[in-house]
Amino acid sequence: MKTASACYYHLDVEVSPERVGQVRRILAAHLRFWDLETLVEPVCGGAEMLLKAIDEHATDKHTSIEMWWNGQHLITAVGDNDRDLRPDQDLRACLERLAATSDGWGCCATDTGSKVIWFSQRARAGERIPLVATAPAPSLREVLRVPREVPVAALAGSVRMADGALEAAR
């Protein structure tokens, strides 16, 4: 799973029954490209619910879909342009399902009178692969045994023998 780079995607679409499945496949492809395979089903399912509700209730079918990935959370926002579509009445069942399946959600109005409904999914801690430091390879110093109690006379004798061998070699 990518954790370092932020990702963003924006899609403008005119909602129709045929387009809902197509948008689902497009969003799933982007999530897989971002290495977020585990978020495909909840995110695409939530976006599909919203798009179907907009197709059923809205008169203006122009919709914008955005996804933001910040390394921990994926936020998906669906914005419609229909001023008559009321989330508290027309989209109530859809919003209840979104609340049950997402980590967070909300609805806000824009300056133009349209609405944006967003929901978030976070990457679960069990899905990440923790970085584990590798143990250092043993060096020769760790393998060789260093004599701790060698008499000084024995060391001096070996030096004399080495000197004698050098003189004999000359």
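The values are calculated or read from the model by the stated rules, or taken from the named source; none is laboratory data. Note that this is a predicted model, so its numbers are computed, not measured. Neighbour counts run over all protein chains shown; Cβ positions are idealised from the backbone, glycine included. We work out accessible area using only protein heavy atoms, side chains counted, and drop any ligands, DNA or RNA first. Shrake-Rupley method; radii C 1.70, N 1.55, O 1.52, S 1.80 Å.
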Answer yes if at least one residue in segment 101-110 is open to solvent by less than 10 Å² (accessible area, probe 1.4 Å) and touching a Leu at 6+ places or on another chain (Cβ under 8 Å), and no otherwise.
-> no
Of those in segment 58-76 that are among the hydroxyl-bearing types (Ser, Thr, Tyr) and either modelled with pLDDT of 85 or more or crowded, with 16+ Cβ neighbours inside 10 Å (or both), the residue nearest to Gln121 (Cα to Cα) is Thr76
Counting just the residues of segment 4-57 that are in contact (Cβ under 8 Å) with a residue 60 or more places away in the chain, closer than 12 Å to Val78 by Cβ and of a type outside the set (Gly, Ala, Ser), which one comes out surrounded by the fewest Cβ atoms within 10 Å (Cβ to Cβ)?
-> Val43
